[in-house]
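The values are calculated or read from the model by the stated rules, or taken from the named source; none is laboratory data. Treat the numbers as computed from the prediction; the structure is a model and nothing was measured. Note: ideal-geometry Cβ built from the backbone for every residue, glycine included; neighbour counts use all protein chains shown. Surface areas here come from the heavy atoms of the whole protein model, side chains and all, with no ligands, DNA or RNA. Shrake-Rupley method; radii C 1.70, N 1.55, O 1.52, S 1.80 Å.
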Amino acid sequence: MHKLIFNEWLKLFKKRSFFISYLVMMVVIGGAAYFMKILAGGEKFAMRDFVFLGLSPSGFGALTALLVMISTAGAVSKEFSQGTIKLLLIRAQSRSKILLSKYIVIFLYTVSLMLTSFVVSFIAGSLAFGAGTPSASWLDVGKVALSTLVYIEIFATITFMLGVLTRSTGITVGITMLLIMMKDMTVALLSKYAFTKYLIFTNVDLSIYAGGGSPLPGMTLGFSLAVIAAYMVLFLLLSFVTFKKRDVA
C-alpha cells in the first residue's frame, strides 16, 4: 500500500500545478499581510489573529480548499482521459487499494497546504504585525485549523466522488464550485424546514461551534460530526463501488 501512496504522491509532485499551489499560497497570504498592515496598522492586529485568518474556512482556508479541489478533480478523471488508468489496473493490486491510495494522497496534500498556510501566515503576521495583543488564543487557532481540515476534506471527498462518476475534470470542478457557491443560499432558503439540519451543507462549517453558536437552533457539534461521517461514508462508498465496476476497455 505504501508503494501505491508513494507512486501517487510522486505523480502529483511531478505536476507543474503542485508547486504553483504553494506559490499561490505564499503570494496571496504575504500580499494580504502587507495590505492589511497598511490599512489596519500593527496596533489593531496581531500575528496570532493573522494565523487564525490564514487557517479559517472564511479566510485563506477557502483558498486552500479551492487548490485542493482543483487537484482532486483530476486525480481519477485524468487517468481515464489520458488512458493511464489501464496501466494502473494491470498491476497486482486491487482497484480498491489503487483508489484508496489516491484518496490518502489527497488528504496528505491537504495537510501539507494547511501547514504551508500556517507557516507563511506565522512569518508574514510576525513581520507585519508582531506579537501584539491577539484576540484569538492558540487553542482557537487549533480549533479553526481542525474545522477547516474537515471542511476541505468534505468538499475534497465530494470532488473525488464526482471525478470517479463523471470522469471529467471540467465537469467535476464546475459542479463542485457550484455547490460551494450555492451551499449558504440553500441552507438559508430551507432553514425553516426540519430536514435542513440533516443536509451536508448545513454541517460543513464546524468553526461556528467554536464561537459558541450553531448552524441552526438545536444542533450540536456531535450531531454535525455524525451527519458528516454518514455523508462521507456514502460518498466514498459510491466512489469505490463505481470505480470497481467501471469498464476501462
Sparsely packed chymotrypsin sites (Phe, Trp or Tyr not before Pro) within region 177-240, loop by DSSP, other Cβ within 10 Å at most 14 = Tyr193
task = Give me the net charge of Ile123's neighbourhood, meaning all other residues with Cβ under 14 Å from the Cβ of Ile123; Lys, Arg count +1, Asp, Glu -1.
result = +2
task = Give me the lysines in straight-line cross-link reach of Lys143: C-alpha distance below 24 Å, same-chain residues under 8 apart excluded.
result = Lys44, Lys183, Lys197
request  = Using the charge dipole of the chain (Lys, Arg: +1 at Cβ; Asp, Glu: -1 at Cβ; taken about the Cα centre), state which of Val24, Ser101, Ser191 has its Cα farthest towards the positive end.
outcome  = Ser101
Around Ile154: net Lys/Arg minus Asp/Glu count, Cβ-Cβ under 13 Å = -1
Sparse-neighbourhood loop sites, trypsin sites (Lys or Arg not before Pro) in region 166-249 - DSSP loop, at most 10 other Cβ within 10 angstrom = Lys192
task = May I ask you to compute the full-extension gain from Thr242 to Leu146, defined as 0.36 nm times their residue separation minus their alpha-carbon distance, rounded to one decimal in nm?
result = 31.6 nm
message = Could you work out [θ]222 nm for the chain from helices alone, using -39500 (n - 2.57) per DSSP H run of at least four and dividing by all its residues? Round to the nearest 500 deg cm²/dmol.
response = -26000 deg cm²/dmol
key: Leu178/Leu39 FRET efficiency (R0 51 Å; Cβ-Cβ; nearest 0.05)   = 0.95
query = Among Lys14, Lys78, what's the order by accessible area (1.4 angstrom probe), most exposed first?
reply = Lys14, Lys78
ask   = For labels at Leu189 and Lys15 in the simple 7 Å Cα→Cβ model, what's the distance in nm?
value = 3.2
Solvent-accessible ranking of Ser101, Ser207, largest area first, probe 1.4 Å = Ser207, Ser101
Tail weight of P(r) past 31 Å, computed on alpha-carbon pairs of region 2-245, percent = 30
query = For the chain, what is the accessible area per residue in Å², given a 1.4 Å probe and the full set of protein chains?
reply = 51
key: Stretchable slack from Ser58 to Met1, in nm (0.36 nm times residue separation minus alpha-carbon distance)   = 17.0 nm
ask   = Counting only protein heavy atoms, what percent of the accessible surface of region 2-245 is carbon or sulfur at a 1.4 Å probe?
value = 72
